[in-house]
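Peer 1: Please read through the structure below; I'll follow up with questions.
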Amino acid sequence: MTVNQRDLTSLKQQAYARLQANRLDEAGDLFETLCRQEPGDLEAHYWLAAIQGQTGHYIEAEQGFRHVLSLNPALVRAWCGLGMAQIAQGKRDDAEASFKNALRYEPGNTSACAYLGNILRSKGEMDQSVAYYRQALQQEPGNASLLFSLGSCLLAMGSNENAAAVLQKAVQQKADFPEAYQCLGSALYALNRPGQAEASLRESLRLKPDNSAAGTALGTALLGQGRYEEALAAYREAIRLDKDNAQAHWNLAILCLLLGNLREGWHEYEWRRKCGIDNRDFPLPRWDGAPLDDRTALVYAEQGMGDEIMFASCLPDLVRRAGHVVLDCSPRLAPLFARSFPQVTIHAGLKKDPVDWLEGVRPIDVQVAIGSLPRLMRSSLDEFPRQEHYLVPDEQATGEWRGRFAGLGDGLKVGISWRGGSNPLSRALRTIPLVEWMPVFSLPGITFVNLQYGDCAGELESFWDATGVEIHDWEDANPYRSLDGFAAQIAALDLVVSVDNTTIHMAGSLGKPVWGLLPAVPDWRWLLERDDSPWYASVRLFRQPLQGEWQPVIERVAQALQDGEG
């Protein structure tokens, strides 16, 4: 049935009125009628496709926008509509092409740039994502949503200073923006400004009280200030809001362990698997602590090198409980572990390796992550055995290192390590610049040996030129190449003095006297308010009185050395 022009005009008026009133289903029916009556009406086809996209009919919307573009290939809003319909269907690459077509006809189109930024970020192409967000902001510099997208992308890239500046602009443009306040809080915390982070996160929670993720971040900001009970309450509240918040459970685990609440801490520690921290799995049942008798247990490595060394302290207990133990460990640790645990079958492999190597060893009954052993063996501090050491260095290599050190003259041979941390924030908190060690270096009768991993030859040379202090270094002493050689080097020293890094773990596991220098808010494994460690009998801890204050720590170390406590 055809309608006359007057009826068509009335139909259009009704369709646009329904559209303006957001009565989308009725508007869609009217635009569909218009499209049948006037197949060449570009606007009717556009709005029908737009309504289909808004009401979840994405396949029809994509078809509709393609028809519109066949009528007018330069219609930028149709390219954007097509891209949005494709995103909704998970057709990311097609959507990227559509938005780029939009920019061909209108360079700098805000919507196209913003969507391209989102798509490229989802693909991990962060630099290009940032470029598109910045291009969109050239058109709309005060757009809070765009500022948030840019700021959150910069934060994900680790560009924390820039992220904080952009996110600050976002909340200035839009005061009721809880997501931006949350992201700003994370950026400020990453910049080691926990007090400012707390304020931002509290504002986020004021605007959106049920935001479990913001509550988790608040707990971390409080923890960073040493406000442990408040941090505990924040994590527990975050879990109350979302019982499946894996990050909140993991953070609660770390804090409970730090406070010595091991039973709850180890229980919560298992949430690390859902945080992607331990994502390995073998086709075997997981050991739950049941008697092993003559059964064989597979222990597999996880997390960092220091964790692998520390958790290996539980292996002697497991060897006594099980019929046999197979250990899948990092290749760099395999020679040291093979010597130290001769009853254990050692497999050296990377965490990403396939598991077909299992076919070449005896039948295995159960698996357990090395980080899960303490939950089954160390539920209280009383259950930590007093073992002087559990790793055994290579005797010949240790003798060779002793010979090298003897060639440096008489007196104490002290190994030092001054940088730690796997991310910028932890490095900032754990690192003591060499110049701040001068009260230690100025003591007579002590020879200092470099134990810092990584390339630091240039740093040592510059320090020698500036101060006249020599820290002895050997090119072949590189733990990145040989941890077995590193162990022998440490074993040949009289004392190790190190910030919190793998060096402490290696020295402690070997039973070598080691002084650990800790920030005021330490890593969980060192607990609080004690100068010893349940993990290592030979460790002595020196703690900052206040966060960031290393001078009192260095002065105490210098005094202890002067008093002959080394």
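Peer 1: With (1) within 23 Å of Asp294 (Cα to Cα); (2) polar (S, T, N, Q); (3) over 31 Å from the mean Cα position of the chain (by Cα) as the list, and Ser313 as the residue in question, which single condition is left unmet?
Peer 2: Failing condition for Ser313: (3).
Peer 1: Moving on to the next point. Test each condition in (1) of a type in the set (Gly, Ala, Ser); (2) in a helix (DSSP H, G or I); (3) in the same structural domain as Ala49 (by TED's automatic domain parsing) for Gly124 and report the one that comes out false.
Peer 2: Unmet condition: (2).
Peer 1: Can you name the residue in region 209-230 that is assigned to a helix (DSSP H, G or I) and not small (Gly, Ala, Ser) and is also surrounded by the most Cβ atoms within 10 Å (Cβ to Cβ) among such residues?
Peer 2: Once the filter is applied, the top-ranked residue is Leu218.
Peer 1: Only one of Ala27, Ala49, Ala95, Ala74 is among the hydrophobic types (A, V, I, L, M, F, W, C), crowded, with 18+ Cβ neighbours inside 10 Å, in the same structural domain as Tyr133 (by TED's automatic domain parsing) and at pLDDT 90 or above. Can you tell me which? Give the derivation first.
Peer 2: Numbers: Ala27 fails: at pLDDT 90 or above; Ala49 fails: at pLDDT 90 or above; Ala74 fails: crowded, with 18+ Cβ neighbours inside 10 Å.
Only one candidate passes the filter, namely Ala95.
Peer 1: Which one is farthest from Cys113 (Cα to Cα), of the residues in region 143-194 that are touching a residue at least 12 places away in the same chain (Cβ under 8 Å) and part of a loop (DSSP other than H, G, I, E, B)?
Peer 2: Here the residue is Asn192.
Peer 1: Could I ask something else about it? Which numbered condition trips up Thr398, out of (1) of a type in the set (S, T, N, Q); (2) at pLDDT 95 or above; (3) in contact with an Asp or Glu (Cβ under 9 Å, 6 or more places away or on another chain)?
Peer 2: With (1) of a type in the set (S, T, N, Q); (2) at pLDDT 95 or above; (3) in contact with an Asp or Glu (Cβ under 9 Å, 6 or more places away or on another chain) applied to Thr398, the lone miss is (3).
Peer 1: Out of curiosity, is Gly151 within 20 Å of the chain's Cα centre (by Cα), of a type in the set (Gly, Ala, Ser) and in the same structural domain as Ala102 (by TED's automatic domain parsing)?
Peer 2: Spelling it out, it is not the case that Gly151 is within 20 Å of the chain's Cα centre (by Cα), of a type in the set (Gly, Ala, Ser) and in the same structural domain as Ala102 (by TED's automatic domain parsing).
Peer 1: Shifting gears a bit: Can you report the number of residues in region 352-379 which are under 22 Å from Ala537 (Cβ atoms), of a type in the set (Gly, Ala, Ser) and modelled with pLDDT of 95 or more?
Peer 2: Number of matching residues: 1.
Peer 1: From the list Leu284, Leu298, pick out the single residue that is surrounded by 14 or more Cβ atoms within 10 Å (Cβ to Cβ), at pLDDT below 95 and over 24 Å from Pro519 (Cα atoms).
Peer 2: After applying the criteria, what remains is Leu284.
Peer 1: Shifting gears a bit: Scan region 188-210 residue by residue and report those that are of a type outside the set (A, V, I, L, M) and under 18 Å from Arg240 (Cβ atoms). Give the derivation first.
Peer 2: Narrowing region 188-210 to residues of a type outside the set (A, V, I, L, M): 189, 192-196, 198, 200, 202-204, 206, 208-210.
If the condition is that a residue be of a type outside the set (A, V, I, L, M) and under 18 Å from Arg240 (Cβ atoms), then Arg202, Ser204, Arg206, Lys208, Pro209, Asp210 are the ones that fit.
Peer 1: Based on this model, can you work out whether Glu549 counts as surrounded by fewer than 14 Cβ atoms within 10 Å (Cβ to Cβ), over 21 Å from Asn192 (Cα atoms) and outside the structural domain of Gly306 (by TED's automatic domain parsing)? Even if it seems obvious, please write down each step before you answer.
Peer 2: Values: surrounded by fewer than 14 Cβ atoms within 10 Å (Cβ to Cβ): yes; over 21 Å from Asn192 (Cα atoms): no; outside the structural domain of Gly306 (by TED's automatic domain parsing): yes.
The answer is no for Glu549.
Peer 1: Name every residue in region 400-425 that is part of a helix (DSSP H, G or I), touching a residue at least 40 places away in the same chain (Cβ under 8 Å) and not hydrophobic (A, V, I, L, M, F, W, C), in order of residue number.
Peer 2: Glu400, Arg402, Arg404, Pro424
Peer 1: Now, a different point. Looking for whichever is surrounded by fewer than 22 Cβ atoms within 10 Å (Cβ to Cβ), under 24 Å from Ala301 (Cα atoms) and either modelled with pLDDT of 95 or more or of a type in the set (Val, Ile, Thr) (or both) here; the options are Ala253, Ala246, Ala233. Which one fits?
Peer 2: Exactly one residue qualifies, and that residue is Ala246.
Peer 1: Which numbered condition in (1) in contact (Cβ under 8 Å) with a residue 60 or more places away in the chain; (2) in contact with a Gly (Cβ under 9 Å, 6 or more places away or on another chain); (3) over 23 Å from Asn251 (Cα atoms) is the only one that Trp515 fails?
Peer 2: The number of the failed condition is (1).
Peer 1: Could you grab the pairs with beta carbons closer than 6 Å, sequence gap of 6+ or different chains, first residue in region 519-540 and on the phi > 0 side of the Ramachandran plot, second one of a type outside the set (D, E, K, R)?
Peer 2: Leu527/Gly260
Peer 1: How about region 91-114: which of its residues are assigned to a helix (DSSP H, G or I) and under 19 Å from Ile59 (Cα atoms)? Break it down stepwise before answering.
Peer 2: Step one: of region 91-114, the residues assigned to a helix (DSSP H, G or I) are 92-105, 110-114.
Across region 91-114, the qualifying residues are Arg92, Asp93, Asp94, Ala95, Glu96, Ala97, Ser98, Phe99.
Peer 1: Let me ask something else about it. Output the number of residues of region 463-491 satisfying the condition of being of a type in the set (D, E, K, R), touching a strand residue (DSSP E or B) at 6+ places or on another chain (Cβ under 9 Å) and within 19 Å of Glu395 (Cβ to Cβ).
Peer 2: 0
Peer 1: Pick from region 20-57 the residues that are among the β-branched types (Val, Ile, Thr) and part of a helix (DSSP H, G or I): which of them is farthest from Leu82 (Cα to Cα)?
Peer 2: Per the criteria, the residue is Thr33.
Peer 1: Restricting region 381-416 to residues that are under 21 Å from Ser313 (Cβ atoms) and polar (S, T, N, Q), which is surrounded by the most Cβ atoms within 10 Å (Cβ to Cβ)?
Peer 2: Thr398
Peer 1: Can we say Ala428 is closer than 25 Å to Asp307 by Cα, more than 33 Å from the chain's Cα centre (by Cα) and part of a helix (DSSP H, G or I)?
Peer 2: So Ala428 fails the test.
The values are calculated or read from the model by the stated rules, or taken from the named source; none is laboratory data. Bear in mind the structure is a predicted one, so any value in this text is a computation, not a measurement. A quick note on method: Cβ atoms are made from the backbone with ideal geometry, for glycine too, and the neighbour counts reach across all protein chains shown.
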